[in-house]
Amino acid sequence: MKPSVTRAIGASLAVLLLVSAVHAAPPIADYGKLPAVEQILLSPSGQKIVAIAVAHDRRLVVVKPTRGAPLFSIDSGDLKLREVAWMGEDHILLSASKTMKFQNVTPIEAFQSTIVDARTGRLTYVFQNEHKVFHATFGDYGHGAEGTRQYGYFGGLTLTGGGGSMVDFDQGNVSIEHAHIDLYKVDLDTGATRVLAAGSDVRDLAWVLDASGGVTAHASYDRKGRWRLFADPLEKALVAEAADPTGDIGLEGLGRAPGTVLVFQPTGPDNDFALLEYPAAAGSTGVALFKDEDVRDRLRDPVTGLLIGGVTNGAPPRTILFDPVQQSRFDKVARAFKGETVNLVSATSGLDKMIILTEGPGDSGTYFLADMSLNTVEAIGWAYPTILQEAVGPVKLVDYKAADGLALQGVLTLPPGREAKGLPLVVLPHGGPEARDDVRFDWWAQAFASRGYAVFQPNFRGSSGYGKAFRDAGHGQWGRKMQTDVSDGVAELARQGLIDPKRACVVGASYGGYVALAGVTVQNGLYRCAVSVGGVSDLNAMLQWEADRGGEVGGLSMRYWRQFMGAANDGDPALNPYSPRRLAARADAPVLLIFGKDDTVVSNEQSLGFARAMRAAGRPVETLELPDEDHWLSREATRVKMLEASVAFVEKHNPPN
């Protein structure tokens, strides 16, 4: 049973509409809205909270005492607020982005970092007054103290040659020549900057800093696909190196102790992914952490930045903490929420206070503050306050096998209050494709479930979270085994009697949008309709677009996509039989294409070109352009518009009753 709920604190973070028990499903718009509150984070002392909240359709950053009225709030305006984080007790980092168009340069999603004084609310914009640094940030490398001064460390695009800088973040008229990313130290109070470590025009660099601002180690990745880890700026102390043609290795910050760093890389006799801890010394050997566990989240001490544990993939996920006392404290809180997924969002050193997020049966996402000194747990925020217990459909994992015998899993969301027998189906494959769906509250899946559909989210080969061999099994399988892994899951649901296979539609975004289009072109006879949101329709055209955006310069993105798609080279005719745009005449179901006008990940031409091909072939197709929207559906109004359109389209062509 849940602890008693105190709503006063949560109400101060977001405008909540609290409804008594009702039986009618909430409006579809309620599922599409951005969370009413998210990223509730404790300051290192546990005395303050920062959170992202929504009030009157505006996204706000709210700062308040752990208990009490808000101190101040900040309106994010037209910027897309991505993340908040504490930088010590007195400063907060805000990360926001905006789609920016430059002369002779492909549009990009540029990120800006703003420092907030948590005592006064004063804002300092990183690089705002630097004329030789592009006014955006390229990596956040933490914060530290040098004497009494507090600093943040950011990657900055240093402009050289004939380059010029923007006047401010909103100006989109800039020329960039011979620019490279350096590591900058930024005074959190004044905004003053200086270069801490030099970057390179021919290699990508990443750094790890300690709590006092010293560079513990840095990684170098060259254009030939060679990764190296160094413990000194002159690169004489080589810690480790490896061939890494598609960017599998990542430097992730400090390890469990000062002077160590954490690296994610393939290792061992089976070459599976692992988190290795290296002492920052020449020739040192990495020690694998979380043995035999796939870890999706890293947990760090808010003061030192040292690794204290991680959260595993799986259903349910497990939170592993290295310190037995901390593990005992977390477990004590988690036991109060039997049957639910308990996520550790934020904590003080030692876990004396914790913010946790629960999701599960009848829970669309609730934030709780646990205070171990008082032995209390109280609710302080609701992600979807109008989607109450009876409107949350049950979610479970389904195990099944592909046609070639590969063991697979998928997530099944069932309509609330309806017998799980012979249900109409929405197949909702994830994007990536190197990503994964888990047992949790998924707003898109729950929206369809609320209308009477079973929703199936398959983790096809190529998905993350199941090890390197499973990921690599997807290489060269776009439209092939990755596609049939999806339909094999539908067949298993039909075999169990859960769904009616003659009443199915397929809906997806990004790579999931490709699966939707391929489901009615590469495959036939499976779906009554398809909805693609920012999906890929022509594989060779996507490769060319990546190359035109600069992918050929470093080679990493091109090598990655060619390997995943199974292309020997650009323009490989072997991809044509798996490109839905080229197969429009075979389309056997109506298609809805939705795309953001500001998508910088998948070209709008992928949707528009498919629409032209469908019309030329006399096949039914509809399009919906979302103005001022990006690839991630970041704006509430257009996210709601997308959801309402996709649900209405499915209901039209595959009625739930």
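The values are calculated or read from the model by the stated rules, or taken from the named source; none is laboratory data. The structure displayed is predicted, hence computed values, not measured ones. Methodologically, a virtual Cβ is constructed for each residue, glycine included, from the backbone with ideal geometry; neighbour enumeration extends over all protein chains shown. Ligands, DNA and RNA are excluded from the accessible area calculation, which covers all protein heavy atoms including side chains. Shrake-Rupley method; radii C 1.70, N 1.55, O 1.52, S 1.80 Å.
Looking across the stretch 305-337, the residues that are touching a helix residue (DSSP H, G or I) at 6+ places or on another chain (Cβ under 8 Å) and buried (at least 19 other Cβ atoms within 10 Å of the Cβ) come down to Ile308, Gly309, Thr319, Leu321, Gln326, Arg329, Phe330. A Cβ distance below 6 Å, combined with a sequence gap of six or more or placement on separate chains, defines the contacts here; from the stretch 178-205, residues that are within 13 Å of Gly156 (Cα to Cα) reach residues that are open to solvent by 60 Å² or more (accessible area, probe 1.4 Å) and outside any strand (DSSP E or B) in the pairs His180/Asp201; Asp182/Ala198. Asp500 satisfies every condition listed in (1) more than 24 Å from the chain's Cα centre (by Cα); (2) among the acidic types (Asp, Glu); (3) modelled with pLDDT under 95 except (3).
Among the listed residues Thr160, Thr148, identify the single one that is of a type in the set (Val, Ile, Thr) and either in contact with a His (Cβ under 9 Å, 6 or more places away or on another chain) or modelled with pLDDT under 85 (or both).
On the way: Thr148 fails: either in contact with a His (Cβ under 9 Å, 6 or more places away or on another chain) or modelled with pLDDT under 85 (or both).
Selected residue: Thr160, the only one of Thr160, Thr148 that is of a type in the set (Val, Ile, Thr) and either in contact with a His (Cβ under 9 Å, 6 or more places away or on another chain) or modelled with pLDDT under 85 (or both).
Table: residues versus (1) within 20 Å of Val287 (Cα to Cα); (2) open to solvent by 70 Å² or more (accessible area, probe 1.4 Å).
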| residue | (1), (2) |
| --- | --- |
| Leu183 | no, no |
| Asp204 | no, yes |
| Gly214 | no, no |
| Asp222 | no, no |
| Asp232 | no, no |
| Glu241 | yes, yes |
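Taken residue by residue, the stretch 588-599 has at least one member that is farther than 29 Å from Ala110 by Cα, open to solvent by 10 Å² or more (accessible area, probe 1.4 Å) and in contact with a His (Cβ under 7 Å, 6 or more places away or on another chain).
For the stretch 608-619, the criterion of being closer than 18 Å to Val515 by Cα, at pLDDT 95 or above and out of contact with any helix residue (DSSP H, G or I) (no Cβ under 8 Å at 6 or more places or on another chain) is met by at least one residue. Within the stretch 91-117, which residues are over 27 Å from Glu636 (Cα atoms) and at pLDDT below 95? If the condition is that a residue be over 27 Å from Glu636 (Cα atoms) and at pLDDT below 95, then Gln103, Asn104, Val105 are the ones that fit.
This table checks each residue for (1) of a type outside the set (Lys, Arg); (2) touching a Leu at 6+ places or on another chain (Cβ under 8 Å); (3) open to solvent by 50 Å² or more (accessible area, probe 1.4 Å).
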residue	(1), (2), (3)
Asp371	yes, no, no
Asn375	yes, no, yes
Glu378	yes, yes, no
Gln389	yes, no, yes
Val398	yes, yes, no
Lys401	no, yes, yes
Gly405	yes, no, no
Leu412	yes, yes, no
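Condition first: among the aliphatic types (A, V, I, L, M), over 15 Å from Ser646 (Cβ atoms), at pLDDT 95 or above and buried (at least 20 other Cβ atoms within 10 Å of the Cβ). Can you find one or more residues in the stretch 427-435 that meet it? No, every residue in the stretch 427-435 fails to be among the aliphatic types (A, V, I, L, M), over 15 Å from Ser646 (Cβ atoms), at pLDDT 95 or above and buried (at least 20 other Cβ atoms within 10 Å of the Cβ).
Specify which of the listed residues (Asp404, Asp438, Asp472) is among the acidic types (Asp, Glu) and within 19 Å of the chain's Cα centre (by Cα).
On inspection, the qualifying residue turns out to be Asp438.
Hey, among the residues in the stretch 436-486 that are of a type in the set (S, T, N, Q) and modelled with pLDDT of 95 or more, which one's most open to solvent (accessible area, probe 1.4 Å)?
Within the stretch 436-486, the first condition is being of a type in the set (S, T, N, Q), and the residues that meet it are 446, 450, 457, 459, 463-464, 477, 483-484.
Subset that is modelled with pLDDT of 95 or more: 446, 450, 457, 459, 463, 477, 483-484.
Numbers: Gln446: 2, Ser450: 22, Gln457: 5, Asn459: 0, Ser463: 0, Gln477: 39, Gln483: 2, Thr484: 55 Å².
Applying the filter and picking the extreme gives Thr484.
Counting only strands (runs of 3 or more DSSP E) that fall entirely inside the stretch 82-163 and contain at least 1 residues that are closer than 17 Å to Leu41 by Cα and of a type outside the set (Asp, Glu), the qualifying elements are 91-102, 105-117, 133-146.
Tell me, which residue of the stretch 248-269 that is in a loop (DSSP other than H, G, I, E, B) and under 20 Å from the mean Cα position of the chain (by Cα) is nearest to Tyr466 (Cα to Cα)? Checking each candidate, the answer is Asp248.
For beta carbons closer than 8 Å, sequence separation of 6+ or different chains, a first residue in the stretch 272-296 that is over 26 Å from Ser463 (Cβ atoms) and a second that is assigned to a loop (DSSP other than H, G, I, E, B) and open to solvent by 70 Å² or more (accessible area, probe 1.4 Å), the qualifying pairs are Glu277/Arg256; Tyr278/Thr285; Ala282/Lys236.
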